[in-house]
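Data first, discussion second: the structure below is written as structure tokens.
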Amino acid sequence: MTQQNAAPEKPPKKKKKHIVGKIILLVIVLVIGLGALLFFKVPQNIGLIKSPAEKMFATTPDREKAATIMTNLQQAGLNTTGVEVYVMPVAGTNDSVAFVVLDASLGFDISASKSVDPVKDFIKVISAAQASGVNRAAVTYFNEQGKALITATLPTADALAFSQNKITAQQLMKKVDVGTEDTAAFVNEVLKQIK
């Protein structure tokens, strides 16, 4: 009879600890998985989320403005072999961004220009684009292997101020944003052009 009056034993607490451990492990795996998805931009790559560029440039390119810029580059004596121009309207504004691609793998060679100062003439052409609503210009240079070496962007208002001698070349350079993915290749390309 004494055995019947004995209190039932409590189950061991190890099972609760085991469940809590699994939950913590699952949360850690989910956080790492979510981080990997975001790092590798999986939602953008499969079309679930638009990239900032797609949101900003939601409309079709302005081919007329691009053709005008290309014509102005040719009239300035600049070599346009291997040059492509795109003008993208900025969604929700009257502004546009001109993208100029200089591709040496398609034949671009700055030394083939008839212009005495191709950089200065290029800035004049970009500054003239401001009158048609282009408020920023971006230039990307691809080397002979088709690899992007450098990208530079500049507000067209600053290009216009420079072409009208309102700011100096040093002041203009402070307004230019420059980026490169392969610094060593860029330096080698500059050294090759200097020789």
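The table for this structure:
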item: Residue match in the range 85-95 (condition: open to solvent by 30 Å² or more (accessible area, probe 1.4 Å) and in contact with a Phe, Trp or Tyr (Cβ under 6 Å, 6 or more places away or on another chain)); result: yes
item: Hits in the range 108-125 (condition: out of contact with any Leu (no Cβ under 7 Å at 6 or more places or on another chain) and either among the polar types (S, T, N, Q) or assigned to a helix (DSSP H, G or I) (or both)); result: Ile110, Ser111, Ala112, Val119, Lys120, Ile123, Lys124
item: Search result, residues across the range 160-177 that are open to solvent by less than 80 Å² (accessible area, probe 1.4 Å) and either touching a strand residue (DSSP E or B) at 6+ places or on another chain (Cβ under 7 Å) or among the basic types (Lys, Arg) (or both); result: Val176
item: Of all residues in the range 163-181 being in contact with a helix residue (DSSP H, G or I) (Cβ under 6 Å, 6 or more places away or on another chain) and not in a helix (DSSP H, G or I), the one that is farthest from Val139 (Cα to Cα); result: Ile167
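The values are calculated or read from the model by the stated rules, or taken from the named source; none is laboratory data. Fair warning: this is a prediction, and the values are worked out from it, not measured in the lab. When we count neighbours, we look across all protein chains shown, and the Cβ atoms used for this are built from the backbone with ideal geometry, even at glycine. Protein only, heavy atoms only, side chains kept; ligands, DNA and RNA dropped before computing areas. Shrake-Rupley method; radii C 1.70, N 1.55, O 1.52, S 1.80 Å.
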